[in-house]
Every structure is written in C-alpha cells, then in structure tokens.
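Trainee: Here it is, the structure, as structure tokens.
Every number in this text was worked out from the coordinates using simple rules, so none of it is lab data. Predicted model, so just to flag it, every value in this text is computed and none were measured. All Cβ positions, even for glycine, are placed from backbone atoms using ideal geometry, and neighbour counts span all protein chains on display.
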Ligand code: CA
C-alpha cells in the first residue's frame with residue numbers, strides 16, 4: 001500500500017514537470033498507467049532545466065524488468081535505470097569531460113538512497129547495483145543506488161591519471177562529480193518517487209572511502225550515514241608511501257631488458273617471504289592470547305627484523321654471513337625497514353605531508369601479520385609475485401607526475417622522487433586530498449560515519465587512517481565522545497579492502513543503517529574469512545571498535561574459528 005501511494009505521487013509530480021509546471025498533482029486524471037515502466041520513461045523526458053545542476057543531459061532511462069540483470073548470483077528487481085551527464089564540457093587538449101552517472105531506482109523502494117563509492121582513479125561508470133558494503137547488493141534490498149565516473153572517461157585519456165592535466169577534472173575527481181551527481185540524483189528520486197529519500201548512505205572502499213570522507217567534510221548534509229573503508233583521503237601521501245616501498249625493492253633487483261622496469265618480484269622469493277612472516281608471527285602473533293596467524297594486538301608488537309632471532313633455533317633473521325634459505329640479506333632487511341619506516345628525508349626524518357599540510361607525516365607500513373602475505377600485503381601490490389604480477393608501479397607511483405606534481409611533469413620518473421629536493425614540487429592544497437578533521441557540520445546534524453581499514457593494506461597505509469581518527473578524537477573530547485558519531489574498525493591481516501589471511505567479509509551497510517535508523521552504535525561487526533593459511537582456513541570473529549582489539553577467550557569449546565570465542569578489549 002505504501003509503495004503504491006509513493007509511485008502515484010511520483011507520477012503526478014513527474015507529469016506536472018513534463019507539462020512545464022511546478023504545480024502539484026491537482027486531482028486530474030493520471031496520464032500514466034501502471035507499473036513503473038512508464039514513470040521511468042517520463043524521467044527521460046523531464047524538462048531538465050529544472051534540475052539543480054546545469055547542464056544536465058539524461059542519456060538513458062529504461063525500465064529493467066526483474067531478473068534481466070544480475071550481480072553475481074543475485075538477480076536485480078524491477079527498476080528504472082537512468083544514465084546521464086552533468087556539466088559536460090570540452091577541456092584541456094580538446095578532451096570531452098563530464099560527470100557521468102547511473103541511478104537505478106527500484107519499483108519496490110525501501111525509501112533509502114545509497115551512493116556506491118568508486119575505485120582507483122575512476123574514469124568508467126560502474127553498474128549501480130550497490131555492491132559495496134553488503135553481501136546482498138543494495139538495489140536488491142530496495143535501495144535507490146548511484147554510481148558516477150569521477151568526471152572523466154579513461155577511454156579518452158592517454159593514461160589513467162592524465163585527467164589531472166585538466167584543472168577542472170582534478171576538482172571533479174576530487175569532489176565535483178560526487179557533489180553534482182548526488183544533487184542530481186536526489187532531484188531525480190523526487191521526480192520518480194514523489195519525495196526525498198528517508199535516509200541516504202555513502203558506502204565505499206578505497207576511492208569510495210575517500211568519497212565518504214569528502215561528504216563528511218565538504219557536504220555534511222548529503223548523507224546521513226557514511227562507510228569509509230581503506231580510504232585514500234591522503235592519496236598523494238599514500239602514493240609517496242607506495243613509491244618509497246617500490247624504491248626500496250627496486251634497489252634490490254635488476255631491470256627487465258626489454259621494458260626497463262625493475263623486476264620487483266625477484267626481491268623476495270616465496271621462501272624469503274614465508275621466512276619473514278614466520279619470524280614476525282613468532283614475535284607478535286601470540287600477544288593477543290592466541291597463536292593463530294593473526295596479529296590482533298599490533299600495538300604491542302615491537303619487531304625489528306635486523307635483530308630478531310628465531311626462538312627455537314636462535315637463527316638470526318638477518319644473515320650473519322652468506323645468504324641461505326634460513327636468513328635474509330642485510331639489503332633485504334634494509335628494504336623491509338625502509339618500507340616500514342616510510343619516506344624519509346636526508347636527515348632521516350619522516351616527510352611532512354606536502355599536499356595539504358596538517359602537521360602529519362607520510363607513513364610507512366606496519367608490521368602486521370599480512371605484511372608479506374602474497375594475496376594482500378606488500379608483495380601483492382608493490383612487489384608482485386611473478387612476471388605476470390610485477391607490482392603496481394602503474395597503479396600508484398605513476399600518479400606522481402600527473403596528479404601530484406604542480407605543475408604536472410608527465411616525463412618525471414617516479415622512482416627518482418627525492419624526499420628533500422622534490423617535495424616543494426608537490427601540489428600544495430590539492431583539490432584531491434581530504435584530510436580535514438573538522439566534521440562539525442556532519443556531527444551537528446546527527447550524521448554517523450564508520451571507518452574501517454585493513455591493517456595489511458599495501459596501498460593507503462593504515463597509519464594514515466589511524467592518525468586521522470586519533471586527531472579527530474582529540475578535537476572532539478576524546479575517543480568516547482567521538483564514538484557518538486565516528487567509529488573506526490581495524491581489520492587484522494586484511495589487504496586493500498579485502499584479501500589476505502583475514503576476516504575480510506562483513507556487512508558495514510547493515511551496521512551503519514542500524515546506527516542511523518535505530519541508534520544502535522556498533523561495538524562489534526561480525527566478520528568471516530576463508531583464506532587463512534592454516535587450519536581452520538575458514539573462521540569468523542568480531543571486528544572490534546577502535547581502540548579495542550579482539551582477544552581469544554576460548555570459552556566455547558576452544559574452537560578458534562568461531563566468533564563467540566573472542567571478546568573485544
Ligand atoms: Ca594471534
């Protein structure tokens with residue numbers, strides 16, 4: 001009944017707009033038969049001059065019957081698929097730019113709206129199924145879902161980060177696209193359903209996590225609840241952290257004779273990676289009460305690979321003499337320590353964030369249990385594991401010449417970046433960095449934000465997010481009062497947004513909805529994972545609200561694979 005009344009109102013509102021008037025329905029004959037298919041067609045015929053952001057072109061509006069499209073094994077319900085572009089323009093180099101979006105509007109609407117965050121440097125338009133944040137896509141749960149392209153089309157660019165040669169495209173990737181497409185979506189939702197959403201959510205990881213933080217800082221009224229996973233809010237700084245890791249490993253290896261690219265994957269053989277991990281786990285795994293391959297109590301982990309000796313054999317991790325399968329060379333250990341320490345200047349000091357100076361420094365990567373996990377940690381993205389997976393220079397460091405130098409220097413070799421002489425060349429006040437800790441607008445209107453971050457993330461270092469949260473807490477009366485609107489969950493051993501020997505499957509969308517709509521602030525979030533290196537390879541456990549961590553209690557038959565044997569302390 002509720003749904004029917006909403007759809008009727010929507011048709012009247014849409015009809016009045018199509019007729020060029022802002023008057024209400026007025027009791028006249030409804031020109032549109034059921035069901036939603038025709039209402040969807042009307043969206044495509046709207047006089048877009050009334051939209052809040054101009055120019056707006058609707059390029060597609062199509063009724064999609066249930067079962068026509070799927071995400072994985074989940075069929076999508078009856079819905080209206082809308083695509084369009086906001087602020088289309090010709091930019092630097094004659095390249096066509098614009099904020100493209102897709103909005104999917106389910107006929108059986110639950111009254112909620114979800115922004116599905118993007119990934120990488122964007123540049124394409126993902127299907128708005130709402131796959132971020134829950135096992136069941138949000139569209140299938142009845143959410144209206146928005147995706148957007150970050151303001152540029154990769155297909156029109158010479159390389160992914162080349163959009164940054166256009167100043168407006170930097171702004172659109174930073175915040176313009178998510179701003180304009182959110183406002184446009186709320187307008188279209190009002191046209192279609194006859195009212196604004198009851199609740200709006202921004203859910204995403206990586207770039208999507210950054211976008212949630214951008215809303216909380218710049219557009220605090222747009223979304224009631226935000227999930228910001230493994231956020232690249234300090235993207236320029238992250239790039240320096242990654243580049244430092246690449247430089248450290250490149251110094252250990254030769255170059256491909258054809259491409260000239262360093263053969264990163266040769267820096268640590270699989271045996272060497274496992275050797276390092278076994279030393280790290282021996283030192284720190286049991287500090288949380290259980291030797292299970294997961295370092296929950298990272299704060300207590302003081303590990304120095306240069307001085308560590310295995311407990312049972314007294315064998316030093318760092319070779320005293322020639323390299324063997326049982327030790328790492330001094331150069332290898334030096335590279336590991338450099339990755340951990342983060343970029344340093346010639347005086348050995350951490351590098352201040354050159355992009356939006358905020359008193360913080362560019363971090364390295366913590367000695368978490370997944371530091372050298374081949375499916376999450378440093379090898380997976382920065383080193384690579386074989387010629388077919390040669391590390392991620394193309395993904396991150398290559399952003400430096402285009403996105404992070406001011407002015408851009410496309411010919412700059414990022415592997416030569418110098419943490420003294422080149423820092424003044426970095427883009428101060430970049431519109432693509434969002435490290436403001438002033439969330440007063442968001443907090444004061446009752447907004448809630450959940451941050452989460454994989455401790456073994458080889459992209460954005462977890463320390464950037466942790467430092468941000470600690471700073472936020474210090475500005476808001478401490479952790480306890482900050483938890484009234486912002487909570488952080490750290491996920492041991494997890495890589496960038498997923499992966500690793502970790503409990504990387506969880507439902508932050510459900511957690512944020514319960515917090516916003518029912519006032520149930522999450523103390524724990526149920527999580528599971530199936531990639532553990534040792535039996536049981538499938539495990540569940542609670543993710544704990546920061547600064548608590550999971551401790552093994554063993555109170556339920558001692559099964560380490562079930563969440564009820566852990567408590568948060
Ligand atoms: Ca452990």
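Trainee: Tell me, what is the percent relative contact order of segment 171-232, built from C-alpha pairs under 8 Å that lie six or more residues apart? Each step should come with its number before you reach the end.
Mentor: Values: 74 pairs, mean separation 19.8, N = 62.
For segment 171-232, the relative contact order is 32 percent.
Trainee: Give the angle, between 0 and 90 degrees and rounded to the nearest 10, that separates the Cα long axis of helix 235-250 from the longest principal axis of the Cα atoms of the chain.
Mentor: Relative to the chain, helix 235-250 is tipped by roughly 30 degrees.
Trainee: Between rounded, prolate and oblate, where does segment 100-159 land on the alpha carbon gyration tensor, with a ≥ b ≥ c its root eigenvalues, rounded for a/c under 1.5, else prolate if a/b exceeds b/c?
Mentor: prolate
Trainee: Ratio of Rg to Rh for segment 93-195, alpha carbon only, Kirkwood?
Mentor: 1.02
Trainee: For the chain, what does the helix formula give at 222 nm: sum of -39500 (n - 2.57) over DSSP H segments with n ≥ 4, over the residue count, nearest 500 deg cm²/dmol?
Mentor: After summing the helix terms and dividing by residue count, I get -7500 deg cm²/dmol.
Trainee: Of the DSSP beta bridges with both residues in the chain, give the percent that are antiparallel, rounding to the nearest 5. Before the final figure, lay out the partial values.
Mentor: Working: 42 of 67 bridges.
Here the share of antiparallel DSSP bridges comes out near 65 percent.
Trainee: Moving on. Sorting 355, 412 on the 10 Å Cβ count, fewest up front, what's the list?
Mentor: Details: 355 24, 412 17.
With the sparsest Cβ surroundings first, the list reads 412, 355.
Trainee: If we sort 298-309, 134-145 on the protection proxy, mean other Cβ atoms within 10 Å, highest first, what's the order?
Mentor: 134-145, 298-309
Trainee: Normalised by the number of residues in segment 238-425, what is the relative contact order in percent for Cα pairs under 8 Å and 6+ residues apart?
Mentor: 25 percent
Trainee: Taking the number of other C-beta atoms within 10 Å as the exposure measure, put 562, 43 in order starting with the fewest.
Mentor: On the way: 562 15, 43 25.
Listing 562, 43 from fewest to most nearby Cβ atoms yields 562, 43.
Trainee: Cut-off is 10 Å between beta-carbons; in what order do 517, 122, 510 appear when sorted fewest neighbours first?
Mentor: Exposure proxy ranking, most exposed first: 517, 510, 122.
Trainee: Relative to the longest principal axis of the C-alpha atoms of the chain, give the angle of the C-alpha long axis of helix 270-284, reported between 0 and 90° and rounded to the nearest 10°.
Mentor: Roughly 90 degrees, rounded to the nearest 10.
Trainee: Roughly how many Å is it from the Cα centre of segment 329-380 to that of segment 140-192, as a whole number?
Mentor: Measuring centre to centre over Cα atoms gives 32 Å.
Trainee: On the first, second and third principal axes, largest extent first, how far apart are the outermost C-alpha atoms of segment 238-425 in Å?
Mentor: Dimensions of segment 238-425 along the principal axes of its Cα atoms: 55, 43, 29 Å.
Trainee: Taking the alpha-carbon centroid of each part, what is the distance from segment 518-536 to segment 36-86 in angstrom?
Mentor: So the two Cα centres are separated by 36 Å.
Trainee: For the chain, what is the Kirkwood hydrodynamic radius in Å, using each pair of distinct C-alpha atoms?
Mentor: 25.0 Å
Trainee: Roughly what angle does helix 462-475 make with the longest principal axis of the chain, taking Cα atoms, 0 to 90 degrees, to the nearest 10?
Mentor: 70 degrees
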